[in-house]
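The values are calculated or read from the model by the stated rules, or taken from the named source; none is laboratory data. Keep in mind that this is a model prediction, so the values were computed, not measured. Please note: Cβ atoms are built from the backbone with ideal geometry, for glycine as well, and neighbour counts cover all protein chains shown.
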Amino acid sequence: MKRLNKVTVCNAVFGFIILTSLLMACQSAKVNTVEKEKNSIGRNDTWGFVGAGGGGAMFHPTVSPHNSDFAFVSCDMTGSFVTYNGGESWRMFNLRSPINYYVFDPLDSNTVYANSIALFKSTDRGNTWSVLYPNPDEIIGVVSKGDHAQEIVVTRDSTKREVLAFAVDPENSKKLYAVISIDKSIACYISDNGGLQWTMESEVNEGVQNIYIVPSSPKSERTIYITGKNSITVRENGLWKINKGPQNVGKVTAFAGGFDKQQNKFIIYAISGKGYFNAQGDNSGIFYTDDGGKTWENRQDGLVAFNMKDTELPEWRAIATSALHPEVIYISYNNLKVNKDTTCIGVAKSDDYGKTWKLVWKDVLTKTVNTPSVNFISGWLNYRFGPTWGENPFSIGVSAANANVAYATDFGRTVKTTDGGKTWEQLYTKKKQGAGWMSRGLEVNTGYAVVFDPFDVNHIFLANTDIGLMESNDGGESWSSATNNNGIPRKWQNSTIWLTFDPKIKGKAWAAMSGTHDLPRPKMWRKDGISNYKGGILLTENGGKTWQPVSADNIGEAAITHILIDPSSNKASRTLYACAFGKGVFKSVDGGKTWQQKNKGLMNKEPFAWRIIRKDKDGVLFLILSRRSDDGSIGNDGDGAIYRSDNNAETWTLVPLPAETNGPTCLTVDPDNSKQLLLAAWGRSTKDKFTPDIGGGIFLSNDDGKSWKPVIQKDQHINDITYDPRNKTYYACGFNGSAYRSIDQGKTWNRIKGYNFKWGKRVDLDPRDPEKIFIVTFGGGVWYGPAKGDEQAVEDIITPLKSF
């Protein structure tokens, strides 16, 4: 996270910047405007979250060898999390991209490493982080590129560098081992001074997964094992060689390793076969080697014995062992067919190097009912969706000191055992007595909006992807699913993209729900188009207790992305407008009972209708069409567009976009000056790997969209703009780890300090308090905190780096 003074914000924060951390150059500035408060959820600022917790995929659970209550997990949506109390609570931190591994210092309990866009080091147990590699003096900036604003470190020599695997010497914290890719040239490097300088030891084949150091080998000439796609590269007695992987295995799914002190052997396990991480398939196995891969033994037979004969072999999704107790193995399994009507998923365990096995987590799936494992303490996801939503773990991390302690992560949960698998407990949520569920801090779900009931400020909805609509009846303190057995078609329950209440009729609201998630991201239409989109518009007249589909007859199945109420229309027969992604605009003049398509004048084929905006003064409508190309091109039928209607959507005319812009995402009209418009846009990718995207940001028009002036350009990925009429303040956020605030009609913008999640989607207002806001994210939950930011926020990344 970044520490800035007020002057620095506008000039440095936006997209084409040094790491968020570069702004730490101003960390010493003293700010007395906000009295520092202790955050109840352990954050280094005054920000919190709302939601039930969980609901997004998590990976790489890693347990401290010094304290099994101290652990990390990562989300593939860029957020990372640390617990110091065994999962009772978690603190999110952000290193600008998903973290793909953590490594603890075996000697110093305060030191840990994490690999993201760079290799980071923390000496305060993950509280703050510094860049270790590339050397900060060699970094001149960071660019954000592409649809997900992927961040790329730019070095003085313009090389692309990545630390593929990393280890710390078991007896010398200054001695570090790394496999580093520099412009696709991969080699093993060693540092004797804590990473200040590195010496190349040997080239390594691609597909690197792990690097292991044998503790019993000579200190001056360590034995090193580097696991790869289907081999182990070995350095022993100063000589390098490559040992082949298990016979007839083209791709090893995962490795795990640990040192057996009694046998004085380093044990390595490998799994292979068809599965989630290898869809093409391979020969199945749970393999064992105690000689660095010279010989291998398949030890899956004891586990396969649980499977019916003459049926497909189970999937081995993840494997883990204890670094100091390798006799203990945990395997994540799927599709274990125990009889013709029953399949099991979960975790198996061996206490004897894989010779015998027990099913210690056993979810039972049949054609009629799916039952969680009897020894599993469930959370809201299991109660709402059953065990197949989270599935079996992607990743398992085992304590080095106590092999009975293991953390596991899956599609939506982090869970833990402290008794070797006899019992498992979820760690992402907790139940409020007599109410809903409260997050423990694992904020990993994607949302679209926070929506308050206009007649009851304690009644709040979260419009989410994948977990669907969530509801709170206690002001946001606890949450429950709002899509269960209440009239919503099952195939529409995945995502609620929009929800709008009638401001005059209590309990009446319309919702846009879909089986298609993550719109308008190109991955949702790039391959298969829109033909399989499911969804529609629903109506409730009792505040969401029950819902009725109202769009099927006229619109058909569609991904509805927005619903707009004409507030001047008769409340008994509301005029409504709806955006159908790929079908265009639809209008209803009878409160949603019937709909008519209104696409006259739209030139785009299969118009990706995203948002529709209305001027309150004269009823003029503006329509945002999302861009359908993501290759950086412009001036073709892949361009997004803005259209205008002066006759209630009967016809549409094209509004010019700023030069180089073809990815509009949002448009707002200033209530005090109807000719003033603010446009948010997504940048277009450029060909050079180290140049930023162009055409994105925020643009201001003072002539009703005839011309545009850029007001934010360095942040090229702005998703949405929100206006608060109570204090005449604009808010914006996007995919570059920042949210912004403007108090001068959008002319200038300041970063909202403390918020730093990489992928932001929208700022929503708190009708109870103009000094607080919600920030809805793409994979980081819903943040809640000070509308002006926290001037005393301690940033996650503290390395001061030079900008261009």
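Cβ-Cβ under 6 Å, sequence separation 6+ or interchain: first residue in the range 48-66 and closer than 23 Å to S472 by Cβ, partner outside any loop (DSSP other than H, G, I, E, B) and of a type in the set (V, I, T). Which pairs?
Pairs found: V50/V782; G51/V782; A52/T429; G53/T429; G54/T429.
Which numbered condition in (1) over 29 Å from L519 (Cα atoms); (2) assigned to a loop (DSSP other than H, G, I, E, B); (3) of a type in the set (S, T, Y) is the only one that Y102 fails?
Going through (1) over 29 Å from L519 (Cα atoms); (2) assigned to a loop (DSSP other than H, G, I, E, B); (3) of a type in the set (S, T, Y) one by one, Y102 breaks only (2).
Being outside any strand (DSSP E or B) and either in contact with a Gly (Cβ under 9 Å, 6 or more places away or on another chain) or crowded, with 23+ Cβ neighbours inside 10 Å (or both) is the filter here; which residues of the range 504-531 pass it?
K506, G507, K508, G515, T516, L519, P520, W525, G529, I530, S531
Is it fair to say K432 is of a type in the set (D, E, K, R), out of contact with any Lys or Arg (no Cβ under 7 Å at 6 or more places or on another chain) and farther than 23 Å from S80 by Cβ?
Here the answer is yes, as K432 does meet what is asked.
Going residue by residue through the range 649-657, is there one that turns out to be at positive phi and crowded, with 21+ Cβ neighbours inside 10 Å?
The answer is yes; a qualifying residue exists.
Pairs only if they're at least six apart or on different chains, beta carbon under 7 angstrom, first in the range 666-677 and over 16 Å from V763 (Cα atoms), second small (G, A, S) and surrounded by 18 or more Cβ atoms within 10 Å (Cβ to Cβ); list them, first residue then second.
Short answer, once both residue conditions are applied: Q676/S701; L677/S701; L677/G705.
Filter the range 547-563 down to the residues that are buried (at least 22 other Cβ atoms within 10 Å of the Cβ) and not in a loop (DSSP other than H, G, I, E, B) and list them by number.
Across the range 547-563, the qualifying residues are I560, T561, H562, I563.
Quick one: is S74 in a strand (DSSP E or B), farther than 21 Å from I213 by Cα, modelled with pLDDT of 95 or more and among the polar types (S, T, N, Q)?
yes
So that you can scan it fast, the table gives a plain yes or no per residue for (1) surrounded by 16 or more Cβ atoms within 10 Å (Cβ to Cβ); (2) more than 20 Å from N392 (Cα to Cα):
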position: V234; (1), (2): yes, yes
position: G238; (1), (2): no, yes
position: G250; (1), (2): no, yes
position: A254; (1), (2): yes, no
position: K261; (1), (2): no, yes
position: I267; (1), (2): yes, yes
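Scan G293, G207 and give me the residue that is in a loop (DSSP other than H, G, I, E, B), buried (at least 20 other Cβ atoms within 10 Å of the Cβ) and on the phi > 0 side of the Ramachandran plot.
G293
If I ask for residues that are over 22 Å from Y113 (Cα atoms) and either under 30 Å from the mean Cα position of the chain (by Cα) or among the basic types (K, R) (or both), which ones from the range 206-229 would you list?
E206, K229
Of the residues G737, G779, G760, which is of a type outside the set (K, R), within 20 Å of C75 (Cβ to Cβ) and out of contact with any strand residue (DSSP E or B) (no Cβ under 6 Å at 6 or more places or on another chain)?
G737
T429 versus (1) touching a helix residue (DSSP H, G or I) at 6+ places or on another chain (Cβ under 7 Å); (2) over 30 Å from A401 (Cβ atoms): which is the lone unmet condition?
(2) is the only condition that T429 fails.
Look at S97 and say whether it is surrounded by 18 or more Cβ atoms within 10 Å (Cβ to Cβ), at pLDDT 95 or above and assigned to a loop (DSSP other than H, G, I, E, B).
Spelling it out, S97 is indeed surrounded by 18 or more Cβ atoms within 10 Å (Cβ to Cβ), at pLDDT 95 or above and assigned to a loop (DSSP other than H, G, I, E, B).
Restricting attention to the range 308-326, does a residue exist that is surrounded by 19 or more Cβ atoms within 10 Å (Cβ to Cβ), under 34 Å from the mean Cα position of the chain (by Cα), modelled with pLDDT of 95 or more and among the basic types (K, R)?
Checked the range 308-326: at least one residue is surrounded by 19 or more Cβ atoms within 10 Å (Cβ to Cβ), under 34 Å from the mean Cα position of the chain (by Cα), modelled with pLDDT of 95 or more and among the basic types (K, R).
Out of the residues in the range 566-580 that are out of contact with any Gly (no Cβ under 8 Å at 6 or more places or on another chain) and over 22 Å from N486 (Cβ atoms), state the one that is surrounded by the fewest Cβ atoms within 10 Å (Cβ to Cβ).
N570
Output the number of the condition that K587 fails; it satisfies all remaining conditions of (1) farther than 21 Å from W510 by Cβ; (2) not in a loop (DSSP other than H, G, I, E, B).
(1)
Let me confirm something: among A578, A572, which residue is farther than 14 Å from A511 by Cα, of a type in the set (G, A, S) and touching a residue at least 12 places away in the same chain (Cβ under 8 Å)?
Residue meeting the stated conditions: A572.
Please determine, by comparing only the residues of the range 211-270 that are without any contact (Cβ under 8 Å) to a residue 40 or more places away in the chain and among the hydrophobic types (A, V, I, L, M, F, W, C), which one is nearest to D290 (Cα to Cα).
Result: I242.
Between a residue in the range 187-198 that is closer than 17 Å to N210 by Cα and any residue that is acidic (D, E) and surrounded by fewer than 18 Cβ atoms within 10 Å (Cβ to Cβ), which pairs come within a Cβ distance under 9 Å, given they are 6 or more apart or on different chains?
Taking only residues 6 or more apart or on different chains, the pairs are A187/E201; A187/E203; C188/E201; C188/E203; Y189/E201; I190/E201.
With the condition kept exactly as written, say whether any residue in the range 159-169 is acidic (D, E) and out of contact with any strand residue (DSSP E or B) (no Cβ under 7 Å at 6 or more places or on another chain).
So far as the range 159-169 goes, no, none of its residues is acidic (D, E) and out of contact with any strand residue (DSSP E or B) (no Cβ under 7 Å at 6 or more places or on another chain).
Would you be able to say whether some residue in the range 265-279 is assigned to a loop (DSSP other than H, G, I, E, B), within 26 Å of K121 (Cα to Cα) and not polar (S, T, N, Q)?
No, the range 265-279 contains no residue that is assigned to a loop (DSSP other than H, G, I, E, B), within 26 Å of K121 (Cα to Cα) and not polar (S, T, N, Q).
If I ask for residues that are more than 17 Å from S130 (Cα to Cα) and without any contact (Cβ under 8 Å) to a residue 60 or more places away in the chain, which ones from the range 75-101 would you list?
Listed by number, the residues that qualify are Y84, N85.
Is it the case, given these coordinates, that I497 is part of a loop (DSSP other than H, G, I, E, B), surrounded by 15 or more Cβ atoms within 10 Å (Cβ to Cβ) and touching a Phe, Trp or Tyr at 6+ places or on another chain (Cβ under 7 Å)?
no
Does the range 377-400 contain at least one residue that is in a strand (DSSP E or B), among the hydrophobic types (A, V, I, L, M, F, W, C) and without any contact (Cβ under 8 Å) to a residue 40 or more places away in the chain?
No, the range 377-400 contains no residue that is in a strand (DSSP E or B), among the hydrophobic types (A, V, I, L, M, F, W, C) and without any contact (Cβ under 8 Å) to a residue 40 or more places away in the chain.
Can you work out which of the residues in the range 581-602 that are within 17 Å of R614 (Cα to Cα) and of a type outside the set (S, T, N, Q) is surrounded by the fewest Cβ atoms within 10 Å (Cβ to Cβ)?
Checking each candidate, the answer is V589.
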